[in-house]
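Structure record follows, encoded as structure tokens.
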Amino acid sequence: MKDILRIESLKKHFPLKGGNILKAVDDVSFSVKEGQVFGLVGESGCGKSTLAKLILRLLLPDGGKIFFDDMDVVKARGETLSKIRKGLQIIFQDPFASLNPRKRVVDAVGEALIVNKIAPRSEIKDRVVELLKKVGLNGETLYRYPHELSGGQRQRVCIARALSVNPRLIVADEPLSALDVSIQAQIINLLEDLRRGDGGAELAYVFISHNLQVIEHLSDLAAVMYLGKIVESSPTNELFKEPLHPYTEALLSAVPKPDVDKKSSRIILEGDVPSPVHIPPGCPFHPRCHRRFKPCDKEIPVLKETSNGRRVSCHLWQ
Amino acid sequence: MPRPLLSVEDLSISFTTENKLRREITAVEGVSFNVMEEEVVGVVGESGCGKTLTALSIMRLLPANTSFSGRVFFQGVDIFSKKESELRDIRGRYISMVFQEPMTSLNPVFTAGYQIAEVLMAHKNMGKKEAMNEAVELLRAVKISSPETRVKEYPHQMSGGMRQRVMIAMAIACKPSLVIADEPTTALDVTIQAQILELLDNLRKDSRMSLLLITHDLGVIAEWAKKVEIMYAGRIVEEAPVREIFLNPRHPYTIGLLESLPKKKGEKLTPIPGQVPRLSDLPAGCKFSPRCRYAIKECNLKEPELAAVNDKEGFSGHLSRCIRAKEL
């Protein structure tokens, strides 16, 4: 199958006051095939949201390349850019903050249809009703303002808005974390149903989350980020069955499991995530690593393929 | 049967809306539960279910526009009959609290050390110097590295995990009998969450504290709680030992929560349909009935009592607020 998204050595460095540089995204490469779900896991500050913004061209990178459907996202202008913008959509974490409080649902969702000349004004209402139906909202919602909706309903409106332009890839940046558990499950099912689509082209997702169970449930491929770099990427089931990188291993063991019979043996990492401004020398993870050995504080490991489709950046596997 | 450390009896909390209608809204209704010595009791529920208000009422820290009824006994003493000055002796000394957001619950203009020392000066008659020395020891106990330097730092100089450790150091400063932790790790990353919960549990075991753990995370409950209270729309809908909750749930809401958890790839989730009702607009009868797939006609008529499920001989520790609890 064809790559819908290909990212090559992407870099985003923010200069700070005092001459320091924050390496938010540093040499990240991966690709997503049509209709695939790519899960991206990491703790706060690891650069996953910056990466999302780069893919959407809401930020411009300092190096590297992004291809969407073989079009260069960074260099695109004019018609190519508007084609990319239609094919590539985003859902943000906080549906409270990402809807305009002064726009009714019909206007918020309809705007994209008008701007992109997808439907004439006279048909907007019907098209929006159709989109709302797709995300499980009824026509009553049409003339509501965001404050009249619950968190789950608002996230559905955001999803409807993203779907309005018939995208082929949706970047979902923590779309569940503002929602309650019972509502999270509704949205997960919705995203999965939409992916299968109704006969049209398959929808791919880049699904960003700190919630490992959600990534395990939803994604085909998963990558783990730490301090701006991908430290491991792999088909999801293998990553969860046998994590290769010690960070992935610790991350998986740290998640409390809702299973009373399986008391997990937890690997407790020492210390906090270091600031991305002062990244430790050698392997960035070595100060917290429970498996560190000689080369770890001196040499930077490279992301290397170990077996079919699995990549890991750790001296244990070099 | 030993006397419980904390006993909440028929607690109801309501508040008046601030708009012109001035409607009275009941946020917590008829909540009763016990916490035994050295027990970890988990309170689970989604946002707005009344779990935080319940916790605050134990310390009588409710906002001014609330009114409450019922009784809270701590070591046999009725907290609700105490004067404000008497309460001040109890808070921080015998019962203390760890809040969700350590950034907003620490004072930004005082050093971490001073805020810990303040507890000791207020309750243990310590002088400032002695209290500051003790603060260093407490920071060491919560595993903060180089506590001698950290004691002089302000909250903004610390990471989220470290701030939460400072909150815990404050909470355990006087070796209280009960710590109430309201979503203590929700604002933290998983690896830090594991550190904090492990720390809290070790401290609890060492100093024989009881812990009331409020969370929406069933994983946290499964690993740390001994007894669980499930709350929905201001009521306890199920109470049981943790194994019973996970292996033999007897309320449709609990079943729904467990089925909502992400499973292995490809398995479809069974979410609870609809949404949590507004407190101002609660359905008649069982509050969960409009979302319940087991609901029958009787469910809309009368709200069921929280009653024992008695499916094992002589075991009465499993309660459910559902008329069909026995058939589920």
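Pairs of Lys residues in region B:236-328, spaced 8 or more positions apart or belonging to different chains, with C-alpha separations under 21 angstrom: 6 in total. Both radii were evaluated on the Cα set of chain A; the Rg over Rh quotient, with Rh as the Kirkwood radius, amounts to 0.99.
For chain A, a simple Cβ point-charge model (Lys and Arg +1, Asp and Glu -1, everything else neutral) yields a dipole of about 680 debye relative to the Cα centre.
Rg over Rh for region A:90-217 works out to 0.94, both radii taken from alpha-carbon positions and Rh defined as the Kirkwood radius. Model label points for residue A:275 and residue A:116, set 7 angstrom from Cα along the Cα-to-Cβ axis, are 4.1 nm apart. The number of Lys pairs in region A:238-318 with C-alpha atoms less than 28 Å apart, excluding pairs fewer than 8 positions apart on the same chain, is 6. In terms of the Cα gyration tensor, with a ≥ b ≥ c the square roots of its eigenvalues, is the protein assembly as shown rounded because a/c is under 1.5, prolate because a/b exceeds b/c, or oblate? Oblate, since a/c reaches 1.5 and b/c is not below a/b. Within 10 Å of each candidate Cβ there may be at most 12 other Cβ atoms; applying that plus a DSSP loop requirement, which trypsin sites (Lys or Arg not before Pro) in region B:232-311 survive? In loop regions of region B:232-311 (DSSP not H, G, I, E or B), the sparsely surrounded trypsin sites (Lys or Arg not before Pro) are B:264, B:268, B:278, B:293, B:302. Under the convention that each Lys and Arg Cβ holds +1 and each Asp and Glu Cβ holds -1, the size of the dipole of the protein assembly as shown around its Cα centre is about 1120 debye.
Among the trypsin sites (Lys or Arg not before Pro) in region A:14-118, those located in a DSSP loop and surrounded by at most 12 other Cβ atoms within 10 Å of their own Cβ are A:75, A:77, A:102, A:117. Rounded, prolate or oblate: pick one for region B:4-75, where a ≥ b ≥ c are the square roots of the eigenvalues of its C-alpha gyration tensor, a/c under 1.5 means rounded, and failing that, prolate if a/b is larger than b/c, else oblate. Taking the square roots of the gyration eigenvalues as a ≥ b ≥ c, region B:4-75 is prolate. Computed about its Cα centre, the charge dipole of region A:4-77 is approximately 280 debye, with only Lys, Arg, Asp and Glu carrying charge at their Cβ.
Across chain B, C-alpha contacts under 8 Å between residues 6 or more apart give a mean separation that, scaled by the residue count, equals a relative contact order of 19 percent. Structure note, pairs B:175/B:227; A:23/A:229; A:12/A:48: Cα-Cα distances above 20 angstrom occur for B:175/B:227.
Taking chymotrypsin sites (Phe, Trp or Tyr not before Pro) in DSSP loop states with no more than 14 other Cβ atoms inside 10 Å as exposed sites, chain B has its longest site-free stretch at B:111-314.
Partners of residue B:20 within straight-line reach, counting aspartates and glutamates whose Cα lies under 18 Å from its Cα and excluding those fewer than 8 residues away in the same chain: B:281. According to the calculation over all Cα-Cα pairs in region A:172-318, the P(r) per 10 Å bin from zero is 10, 34, 34, 17, 4, 0 %.
Would region B:231-320 count as rounded, prolate or oblate if I go by the C-alpha gyration tensor, calling it rounded below 1.5 in a/c and otherwise prolate when a/b exceeds b/c, oblate otherwise? Note, shape of region B:231-320 comes out oblate. When shorter helices are ignored and each DSSP H run of at least 4 residues is given -39500 (n - 2.57), the per-residue value for chain B at 222 nm works out to -9000 deg cm²/dmol. By the Stokes-Einstein formula, at 0.890 mPa s and 25 °C, chain B with its Kirkwood radius over alpha-carbon pairs has D equal to 116 µm²/s.
Simple spin-label estimate for residue B:305 and residue A:126 gives 5.9 nm between the two label positions (7 Å along the Cα-to-Cβ direction from each Cα).
Under 5 Å between amide H atoms, partner at least 5 residues away or on a different chain: which partners does residue A:12 have, H built in plane at 1.01 Å? Those lying under 5 Å, H to H, from residue A:12 are A:24, A:25, A:26, A:27, A:62. Remark: region B:52-66, residue by residue, has Karplus-estimated 3J(HN,Hα) of 5, 4, 4, 4, 5, 5, 4, 8, 6, 10, 5, x, 5, 7, 9 Hz, where x stands for each Gly or Pro and the curve is 6.51 cos²θ - 1.76 cosθ + 1.60 at θ = phi - 60°.
Considering only Cα atoms, the convex hull volume of region B:19-130 works out to 170 Å³ per residue.
Only the coordinates and a few stated rules stand behind these numbers; no lab work does. All values reported here derive from a predicted model rather than from experimental measurement. Here Cβ is always computed from backbone atoms with ideal geometry, including for glycine, and neighbour counts include all displayed protein chains.
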